[in-house]
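See below for the structure under consideration.
The values are calculated or read from the model by the stated rules, or taken from the named source; none is laboratory data. Nothing here was measured: the structure is a model prediction, and the numbers come from that model. Cβ: placed from backbone, ideal geometry, glycine included. Neighbour counts: every protein chain shown. Surface areas here come from the heavy atoms of the whole protein model, side chains and all, with no ligands, DNA or RNA. Shrake-Rupley method; radii C 1.70, N 1.55, O 1.52, S 1.80 Å.
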Amino acid sequence: MPWRTGSPQEVFRAFAKLGLTAFGGPVAHLGYFRREFVERRAWLSDAQFAQLVALSQFLPGPASSQLGFAIGLRRAGMGGALAAFVAFTLPSALLLFAFGTSLPRLQSPFAERVLHGLALAAVAIVAHGVTRMAQRLTPDLPRAVLALVAATVMLLGSLPWLQLAVIVGGALAGLVFLSHATDGAMPASPTAAGVRGGAAALVVAGVLLALALLLPATEPTLVAIAAVFWRAGSLVFGGGHVVLPLLQHATVSPGWVSVETFLTGYGAAQAVPGPMFTLATFLGAQIPTAAHPAAGALVATLAIFAPGFLLLIGALPLWERLSHAGSARRLVAGVNAAVVGLLLAALIDPVMSKALHSGADVAIATLALVAIWPERRSALWALVVGVAGSVAVAAVGGRL
């Protein structure tokens with residue numbers, strides 16, 4: 001399937017909907033993205049989607065946001081990439097910036113049931129995405145076994161670099177065992193950054209990381225905020241919850257924010273749609289500086305996202321070239337199967353393990369899955385079924 005040229009406005013509209021509705025964290029976001037851009041809009045194939053997922057897992061930074069940035073980049077160039085970032089990130093950033101004033105209203109029993117319903121919807125969305133991807137990317141026994149091995153490794157291990165190791169292992173297994181695989185190469189596009197632009201992006205990312213590591217960050221200034229959040233965005237693999245220890249060390253240890261404030265922001269980041277990395281927005285606004293809190297929020301947000309985007313711009317041209325090599329078809333097939341395994345493991349833990357606590361939860365999640373099973377059916381149906389079912393069960397049980 002060739003890449004087609006679109007407009008930044010088109011990309012913004014597509015990602016704005018996801019920025020307002022994509023609850024459930026980075027794993028669930030992959031399900032939302034696949035449903036929107038593979039099934040409903042047909043901007044890319046399952047194989048191409050899996051390759052972009054793998055690339056975002058290879059690189060440090062916010063994995064789901066990098067995936068969205070890559071989709072926007074391939075659809076409408078740098079304007080599309082920036083449109084995807086702004087549209088997907090702005091809703092959660094604004095919500096977290098205003099979270100301090102709305103916190104009491106988010107602690108009611110009704111709000112808790114709504115949030116639980118959103119988690120049940122995420123189960124359905126991720127399950128749907130894993131099933132559809134498995135049908136297309138693991139069509140034979142060797143690839144199905146590879147996906148199951150990848151899922152088992154992820155479920156049994158807990159090392160922070162394990163996702164990267166599983167993808168590399170999938171690539172090597174593909175080279176050895178998948179001699180007849182025909183997974184397509186990643187098409188080049190004039191809207192994507194070229195090799196020179198990619199090299200420049202990597203140089204900028206490296207120089208700014210070196211400066212951030214050398215800069216002392218003892219006093220809470222805007223420059224110090226930029227440094228500590230740039231470090232976090234440059235050095236974390238896997239995104240989501242993995243960034244929390246880095247941010248806690250960077251903001252709580254020097255006394256910039258209290259443990260209670262940090263945990264409040266962490267809870268808020270899980271309750272809003274969009275990327276969890278917008279926890280940086282909340283923390284940047286809470287850190288006391290001479291500037292307005294909005295300035296700290298903006299600096300922290302841009303600093304934590306920018307490194308991953310620069311690395312993606314640098315790596316994507318090389319990724320395209322490698323996918324056209326003769327042996328790369330087998331490598332890509334192995335990576336695609338490993339990605340299915342990663343998503344299967346994530347579906348089991350944490351998506352299902354954190355959301356399904358009773359038979360009623362299983363029933364609601366199943367109904368949400370049935371509601372979105374037909375291709376091109378909007379994921380909003382899962383959100384409606386999940387929230388309505390969660391609230392109804394609580395009302396019947398007298399918990400509201």
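Scan the range 272-288 for residues that are in a loop (DSSP other than H, G, I, E, B) and either open to solvent by 40 Å² or more (accessible area, probe 1.4 Å) or over 10 Å from Ile225 (Cα atoms) (or both) and jot them down. Before the answer, list the steps.
Taking the range 272-288 as the starting set, the residues that turn out to be in a loop (DSSP other than H, G, I, E, B) are 272-275, 287-288.
Residues satisfying the conditions are Val272, Pro273, Gly274, Pro275, Pro288.
Scan the range 372-400 for residues that are among the small types (Gly, Ala, Ser) and within 13 Å of Gly117 (Cβ to Cβ) and jot them down. Give the derivation first.
At the first step, the residues of the range 372-400 found to be among the small types (Gly, Ala, Ser) are 378-379, 382, 386, 388-390, 392, 394-395, 397-398.
The answer is Ala382, Gly386, Ala388, Gly389, Ser390, Ala392, Ala394, Ala395.
Output the number of residues of the range 15-31 satisfying the condition of being in contact (Cβ under 8 Å) with a residue 60 or more places away in the chain and either assigned to a loop (DSSP other than H, G, I, E, B) or more than 28 Å from Arg143 (Cα to Cα) (or both). Spell out the reasoning first.
Let us first name the residues in the range 15-31 that are in contact (Cβ under 8 Å) with a residue 60 or more places away in the chain, namely 15-16, 18-31.
The next check asks that each one be either assigned to a loop (DSSP other than H, G, I, E, B) or more than 28 Å from Arg143 (Cα to Cα) (or both); those that pass are 15-16, 18-24.
Residues that pass the stated criteria total 9.
Could you list, ordered by first residue, the pairs with Cβ atoms under 7 Å in which the first is in the range 56-70 and touching a residue at least 60 places away in the same chain (Cβ under 8 Å) and the second is part of a helix (DSSP H, G or I) and of a type in the set (Ser, Thr, Tyr), at least 6 apart or interchain?
Hits for this filter: Pro60/Ser234; Ala63/Ser56; Ser65/Thr89; Gln66/Ser56; Ala70/Ser56.
Out of (1) closer than 22 Å to Leu302 by Cα; (2) over 13 Å from the mean Cα position of the chain (by Cα), what's the single condition that is false for Glu39?
Failing condition for Glu39: (1).
Restricting to the range 321-346, what's the tally of residues that are in a helix (DSSP H, G or I) and open to solvent by 20 Å² or more (accessible area, probe 1.4 Å)? Before you say what the answer is, go through the steps one by one.
Applying the first criterion (in a helix (DSSP H, G or I)) to the range 321-346 yields 321-323, 328-346.
Remaining after also requiring open to solvent by 20 Å² or more (accessible area, probe 1.4 Å): 321-322, 329-331, 344.
Adding up the residues that qualify gives 6.
State all residues of the range 222-274 that are closer than 15 Å to Ser92 by Cβ, modelled with pLDDT of 75 or more and of a type in the set (A, V, I, L, M, F, W, C); if no residue qualifies, say none.
To start, the set of residues in the range 222-274 that are closer than 15 Å to Ser92 by Cβ comprises 239-240, 243, 265-274.
Within this subset, residues satisfying the condition of being modelled with pLDDT of 75 or more are 265-266, 268-269, 272-274.
Correct list: Ala268, Ala269, Val272.
Somewhere in the range 52-64, is a residue open to solvent by less than 10 Å² (accessible area, probe 1.4 Å), in contact with a helix residue (DSSP H, G or I) (Cβ under 9 Å, 6 or more places away or on another chain), within 21 Å of Thr21 (Cα to Cα) and not aliphatic (A, V, I, L, M)?
Yes; the residues of the range 52-64 include at least one that is open to solvent by less than 10 Å² (accessible area, probe 1.4 Å), in contact with a helix residue (DSSP H, G or I) (Cβ under 9 Å, 6 or more places away or on another chain), within 21 Å of Thr21 (Cα to Cα) and not aliphatic (A, V, I, L, M).
Spot the failing condition for Pro216; the list is (1) part of a loop (DSSP other than H, G, I, E, B); (2) surrounded by fewer than 17 Cβ atoms within 10 Å (Cβ to Cβ); (3) modelled with pLDDT of 80 or more, and only one is missed.
Result: Pro216 fails condition (3) only.
Restricting to the range 5-36, and then to whatever is open to solvent by less than 30 Å² (accessible area, probe 1.4 Å) and of a type in the set (Lys, Arg), can you tell me which residue is farthest from the chain's Cα centre (by Cα)?
Selected residue: Arg35.
Please work out which residue is farthest from the chain's Cα centre (by Cα), limiting yourself to the range 296-316 and to residues that are open to solvent by less than 10 Å² (accessible area, probe 1.4 Å) and not small (Gly, Ala, Ser).
Checking each candidate, the answer is Leu316.
Which numbered condition in (1) open to solvent by 20 Å² or more (accessible area, probe 1.4 Å); (2) assigned to a helix (DSSP H, G or I); (3) within 23 Å of Leu155 (Cβ to Cβ) is the only one that His357 fails?
(2)
Criterion first (out of contact with any Phe, Trp or Tyr (no Cβ under 6 Å at 6 or more places or on another chain) and touching a residue at least 40 places away in the same chain (Cβ under 8 Å)) does Pro374 satisfy it? It would help to see each step written out before you state the result.
Numbers: out of contact with any Phe, Trp or Tyr (no Cβ under 6 Å at 6 or more places or on another chain): yes; touching a residue at least 40 places away in the same chain (Cβ under 8 Å): no.
Taking the combined requirement at face value, the residue does not satisfy it.
If you scan the range 87-126, which residues turn out to be under 24 Å from Ser390 (Cα atoms), modelled with pLDDT under 85 and small (Gly, Ala, Ser)?
If the condition is that a residue be under 24 Å from Ser390 (Cα atoms), modelled with pLDDT under 85 and small (Gly, Ala, Ser), then Ser102, Ser108, Ala111, Ala119, Ala122 are the ones that fit.
In the range 245-280, how many are among the β-branched types (Val, Ile, Thr) and under 26 Å from Phe85 (Cα atoms)? Steps first, answer last, please.
Initial filter on the range 245-280 (among the β-branched types (Val, Ile, Thr)): 251-252, 257, 259, 261, 264, 272, 278.
Adding the requirement that they be under 26 Å from Phe85 (Cα atoms) leaves 251, 264, 272, 278.
Qualifying residue count, the range 245-280: 4.
Listed here are the residues, each with its yes/no results for (1) modelled with pLDDT of 80 or more; (2) touching a Cys at 6+ places or on another chain (Cβ under 8 Å); (3) small (Gly, Ala, Ser).
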{"residue": "Thr301", "(1), (2), (3)": "yes, no, no"}
{"residue": "Gly326", "(1), (2), (3)": "no, no, yes"}
{"residue": "Asn336", "(1), (2), (3)": "yes, no, no"}
{"residue": "Ile372", "(1), (2), (3)": "yes, no, no"}
{"residue": "Gly389", "(1), (2), (3)": "yes, no, yes"}
{"residue": "Arg399", "(1), (2), (3)": "no, no, no"}
